[in-house]
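What follows is a set of notes on a single structure, which appears directly below.
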Amino acid sequence: MSDENDKPIHRYEGKHLDVLWDGRLCIHVGECGRSADDLFTAGRKPWCQPDLVETTNAAQVCERCPTGALTYERKDAGPAEAPSAVNTVVVSSRGPLYVKGELRIAGAAADMPGVQFRAALCRCGESKNKPFCDNSHEAAGFKDYGAVGRAGDGAPAEGGPLDIKGAPNGPLMVSGNFSIIAGSGRVAWRGTKAALCRCGASKNKPFCDGTHKAVGFTAE
């Protein structure tokens, strides 16, 4: 957890690479703090010190952040982050949809560079930061273990642009080549279009079944 919660985006400067942390997207999954190096250390000031690790290692740790809260800027002419070659939607147990790939998320602020590649999207209906998760599922007691019962129609490829847009007071409309991974880790579905529940009430999660209308779900 960062000690810079008063700033939406904080820059941790290094000689060869700067690390950027976006507090609007962080839900404290812990991929950064659990890394086996000294890049991030809880309780230390500054929390992140890019010069304590190899530049490549620092970039890899940032790219492991599933929400897009961590990004980096190279100063050594090294490669910038590129989209994953495979677009995926992970239906996490009792938590958000973790999406990864060449993402085009409607509603994302222009100064959120990480969500071009990685994002955590609300599926409990309670986030105050829609379409992104803000951990409201924990207080709401949201329960779904990420089972997926459909196989999909298949996709001609695995990558390319993945467009994600919330229907007005309705589901997340996802279009492009992508796979849905169940909470168990199983690649469960492959296709090019899906309407994914974001009200938290569908009986056919992660897919929408129209329940948002009955429960009066509002996205704003």
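The values are calculated or read from the model by the stated rules, or taken from the named source; none is laboratory data. Values in this document were obtained by computation on a predicted structure and should not be read as measured data. Virtual Cβ from ideal backbone geometry, glycine too; neighbours counted across all protein chains shown. For the accessible areas, the whole protein counts, side chains as well, though only heavy atoms, and no ligand, DNA or RNA atoms are used. Shrake-Rupley method; radii C 1.70, N 1.55, O 1.52, S 1.80 Å.
Numbers at a glance
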{"quantity": "GNM result for the chain, Cα springs below 10 Å: residue of 127, 179, 35 fluctuating most strongly", "calculated": "35"}
{"quantity": "Amide proton proximity set for residue 94, modelled H, under 5 Å, gap of 5+", "calculated": "144, 145, 146"}
{"quantity": "Accessible area of the chain belonging to carbon and sulfur atoms, whole % at 1.4 Å probe", "calculated": "49"}
{"quantity": "Cut-off under 5 Å, modelled amide H: who pairs with residue 188 long-range", "calculated": "180, 181, 182"}
{"quantity": "Trypsin sites (Lys or Arg not before Pro) within the stretch 57-114, DSSP loop, no more than 16 other Cβ atoms inside 10 Å", "calculated": "64, 75, 94"}
{"quantity": "Interchain or long-range residues, amide H under 5 Å from residue 169's placed H", "calculated": "219"}
{"quantity": "Calculated from backbone phi, Karplus (6.51, -1.76, 1.60) coupling profile of the stretch 164-170 in Hz, x at Gly/Pro", "calculated": "10, 9, x, 5, x, 6, x"}
{"quantity": "Fraction of the pair-distance distribution of the stretch 1-108 above 23 Å, Cα-Cα pairs, percent", "calculated": "27"}
{"quantity": "For the chain, share of DSSP beta bridges that run antiparallel, in % to the nearest 5", "calculated": "80"}
{"quantity": "Loop trypsin sites (Lys or Arg not before Pro), the stretch 111-182, which have at most 13 other Cβ atoms in a 10 Å radius of their Cβ (DSSP)", "calculated": "128, 143, 150"}
{"quantity": "Cα-based Lys pair tally, the chain, threshold under 18 Å, eight or more apart or on separate chains", "calculated": "18"}
{"quantity": "MRE, 222 nm, helices only [DSSP H, n ≥ 4, -39500 (n - 2.57), over the chain, to nearest 500]", "calculated": "-2000 deg cm²/dmol"}
{"quantity": "Total charge dipole magnitude, the stretch 1-118, about the Cα centre, Cβ charges on Lys, Arg, Asp, Glu only, Debye to nearest 20", "calculated": "360"}
{"quantity": "Per residue accessible area in Å² of the chain, where ligands, DNA and RNA are left out and the probe is 1.4 Å", "calculated": "49"}
